[in-house]
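For reference, the structure is listed below as structure tokens.
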Amino acid sequence: DQQVKQNSPSLSVQEGRISILNCDYTNSMFDYFLWYKKYPAEGPTFLISISSIKDKNEDGRFTVFLNKSAKHLSLHIVPSQPGDSAVYFCAASESEDYKLSFGAGTTVTVRA
Amino acid sequence: GAGVSQSPSNKVTEKGKDVELRCDPISGHTALYWYRQSLGQGLEFLIYFQGNSAPDKSGLPSDRFSAERTGGSVSTLTIQRTQQEDSAVYLCASSLGWGSQPQHFGDGTRLSIL
């Protein structure tokens with residue numbers, strides 16, 4: 001039973017435009033959310049996170065939005081760059097817990 | 001290096017053989033995690049260590065899987081009598097402590113069972 005879902009397996013965007021990645025979750029106990037970026041043959045790299053006490057967190061070109069009532073979060077990348085082409089994973093955990101539940105990932109391709 | 005180190009990076013073995021995968025966490029990180037990523041899937045949690053203890057082994061897929069950690073540092077994940085469905089990328093992560101985020105990942109071991 002997958003508790004974190006990324007319903008779009010792929011996304012193609014023009015360089016300079018906005019990339020929007022979506023993630024839904026079913027476990028209402030989740031209160032910490034993370035986005036990881038993964039290149040082929042490498043491990044996931046932490047990108048940005050958000051606690052459930054916030055609804056937005058921004059770090060440079062990356063912004064994560066959290067809508068707790070809808071159990072939905074999104075990652076915005078503005079502007080998109082060719083180096084952003086990768087697989088992006090959404091992950092969630094419960095506070096005082098230890099394991100992350102991951103979505104299946106969204107492959108982003110940034111076109112020049 | 002300063003990151004999580006995993007070895008081997010690739011392992012090909014015959015069905016029925018035992019394999020050992022190694023993880024060296026970031027220095028000072030007391031929490032260590034093992035995940036598995038099968039083809040086209042997200043990461044699946046396997047087991048977690050705080051120090052040398054593994055409080056929860058419920059993520060291990062079967063009793064053919066075991067893991068240990070010694071000296072609060074290096075961990076090994078052992079798969080006995082490998083099956084083809086064990087083929088996956090096995091990822092290790094570490095974090096500062098129990099419940100601490102984010103977890104930092106190694107590059108994984110790609111395991112292929114023939």
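Things to note:
- Flag if A:LEU66 is touching a Ser or Thr at 6+ places or on another chain (Cβ under 9 Å), at pLDDT 95 or above and farther than 17 Å from A:PRO44 by Cα: yes
- Filtering B:GLY72, B:GLY97, B:GLY40 for residues that are assigned to a loop (DSSP other than H, G, I, E, B), touching a Phe, Trp or Tyr at 6+ places or on another chain (Cβ under 9 Å) and within 30 Å of A:SER49 (Cβ to Cβ) leaves a single hit, B:GLY72.
- Some residue of segment B:11-19 being part of a strand (DSSP E or B) and within 25 Å of A:GLU94 (Cβ to Cβ): no
- Among the residues listed as A:SER28, A:SER12, the single one being loosely packed, with under 14 Cβ neighbours inside 10 Å, away from chain B (no Cβ under 12 Å) and assigned to a loop (DSSP other than H, G, I, E, B): A:SER28
- Whichever residue in segment A:84-101 is at pLDDT 95 or above and not aliphatic (A, V, I, L, M) and, among such residues, is most open to solvent (accessible area, probe 1.4 Å): A:SER85
- Subset tally (residues that are outside any strand (DSSP E or B) and within 14 Å of chain B (Cβ to nearest Cβ)) for segment A:78-112: 9
- B:SER53 being open to solvent by 20 Å² or more (accessible area, probe 1.4 Å), under 15 Å from the mean Cα position of the chain (by Cα) and more than 10 Å from chain A (Cβ to nearest Cβ): yes
- Qualifying residue in segment B:63-75 (condition: closer than 24 Å to A:THR106 by Cβ and modelled with pLDDT of 90 or more): no
- Only one of the numbered conditions (1) on the phi > 0 side of the Ramachandran plot; (2) in contact (Cβ under 8 Å) with a residue 60 or more places away in the chain is violated by A:THR106, and that is (1).
- Members of segment B:56-96 found to be more than 14 Å from chain A (Cβ to nearest Cβ), within 19 Å of B:ILE26 (Cα to Cα) and polar (S, T, N, Q), listed by number: B:THR70, B:SER73, B:SER75, B:THR76
- If the condition is being in contact with a strand residue (DSSP E or B) (Cβ under 6 Å, 6 or more places away or on another chain), basic (Lys, Arg) and away from chain B (no Cβ under 13 Å), then segment A:31-60 contributes only A:LYS56.
- Subset of segment B:8-23 [open to solvent by 50 Å² or more (accessible area, probe 1.4 Å) and of a type outside the set (A, V, I, L, M, F, W, C)]: B:SER9, B:ASN10, B:LYS11, B:GLU14, B:LYS15, B:LYS17, B:ASP18, B:GLU20, B:ARG22
- Note on segment B:75-92: among residues that are touching a Gly at 6+ places or on another chain (Cβ under 7 Å) and assigned to a strand (DSSP E or B), the one that is most open to solvent (accessible area, probe 1.4 Å) is B:VAL89.
The values are calculated or read from the model by the stated rules, or taken from the named source; none is laboratory data. Here the structure is a predicted model, which means the values were calculated and not measured. Neighbour counts run over all protein chains shown; Cβ positions are idealised from the backbone, glycine included. To get the accessible areas, we keep the full protein, side chains included, count just its heavy atoms, and leave off ligands, DNA and RNA. Shrake-Rupley method; radii C 1.70, N 1.55, O 1.52, S 1.80 Å.
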